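To keep things clear, I will list the structure first and then write my remarks on it.
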Amino acid sequence: MSYWLMKSEPVTFGIDALAASPRKTTSWDGVRNFQARNFMRDRMKVGDLAFFYHSNCDEPGIVGVVKIVREGYPDPTAFDRNDAHYDPDSKPDNPRWYMVDVQLQRKFPHTISLTSLKKHADGKLKGLAVLQRGNRLSITPVSAAHWKFILDLA
DNA sequence: GCCAACGTTGGC
DNA sequence: GCCAACGTTGGC
């Protein structure tokens, strides 16, 4: 199995919105970046775990853990011309965008802030994608060693 | 609100 | 295939 980090803006969909969702599950729709799509379509497996990361907010950081409960399948919001993420180049018989379903496993009592993660940028968390300069990718892999270390910070 | 970094688009 | 222009991300 693999580990991941998935970003979401709490204003749009934060961990509390996930906790309030039916079965604490949601489809990770709206991703319009090829690299992130490839991870969801090709690499994520049922049972994989991901950190839920709050971006573009007062205290960016990791706020909990989700589990992949359904593997990549076409993102229907790409077919909906009234949706903000509509993409006319994605067709039902040849979909361009994919998503997975995730279920909330755990909400941390406190945010593991980006600031606190950065303290280990040259140590135990060296190479963690979210710490790389200019990183914008909304879905990134996390190594098993990094995963374990971050969990101990929670 | 600012702006650096980055991905995508499209003209050539 | 190059690269300038543009739009978006996301920390600060």
Share of alpha-carbon pairs per 10 Å distance bin for region A:1-79, given as whole % = 17, 52, 30, 1
message = Would you work out the Kirkwood radius for chain A? I mean one over the mean of 1/r across all pairs of different Cα atoms, in Å.
response = 15.9 Å
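Take every DSSP beta bridge with both residues inside chain A and express the antiparallel ones as a percent of the total, to the nearest 5. Each step should come with its number before you reach the end.
Values: 24 of 30 bridges.
For chain A, the DSSP antiparallel bridge percentage is about 80.
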remark   = Looking only at lysines whose Cα falls under 22 Å of A:Lys45's and that sit 8 or more positions away or on another chain, we get A:Lys7, A:Lys24, A:Lys67, A:Lys107, A:Lys148
Region A:94-112 and region A:12-83: distance between their alpha carbon centers, rounded to Å = 4 Å
request  = Just the number, please: percent antiparallel of the DSSP beta bridges in region A:1-67, rounded to the nearest 5.
outcome  = 50 percent
ask   = Across region A:47-52, in residue order, what do the Karplus-derived ³J(HN,Hα) couplings come to in whole Hz, using 6.51 cos²θ - 1.76 cosθ + 1.60 with θ = phi - 60° and x for Gly and Pro?
value = x, 4, 10, 9, 6, 9
remark   = Karplus ³J(HN,Hα) for region A:67-83 (6.51 cos²θ - 1.76 cosθ + 1.60, θ = phi - 60°; Hz, whole; x = Gly/Pro) runs 10, 6, 10, 8, 7, x, 8, x, 7, x, 5, 5, 8, 9, 5, 8, 8
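By per-residue mean of other Cβ atoms within 10 Å, what is the highest-first order of A:133-141, A:59-67?
On the way: A:133-141: 14.0, A:59-67: 21.0.
Taking the mean over residues of other Cβ atoms within 10 Å, the ranking is A:59-67, A:133-141.
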note = Helix A:144-153 sits off the longest principal axis of the Cα atoms of chain A, rounded to the nearest 10 on a 0 to 90 degree scale, by 60 degrees
inquiry  = Which residue fluctuates most in the GNM of chain A (Cα springs below 10 Å): A:Asp58, A:Asp75, A:Asp16?
reply    = A:Asp58
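Here, each number is a calculation from the coordinates, and none is a lab measurement. The structure displayed is predicted, hence computed values, not measured ones. Backbone-built Cβ (ideal geometry, glycine too); neighbour counts: all protein chains shown.
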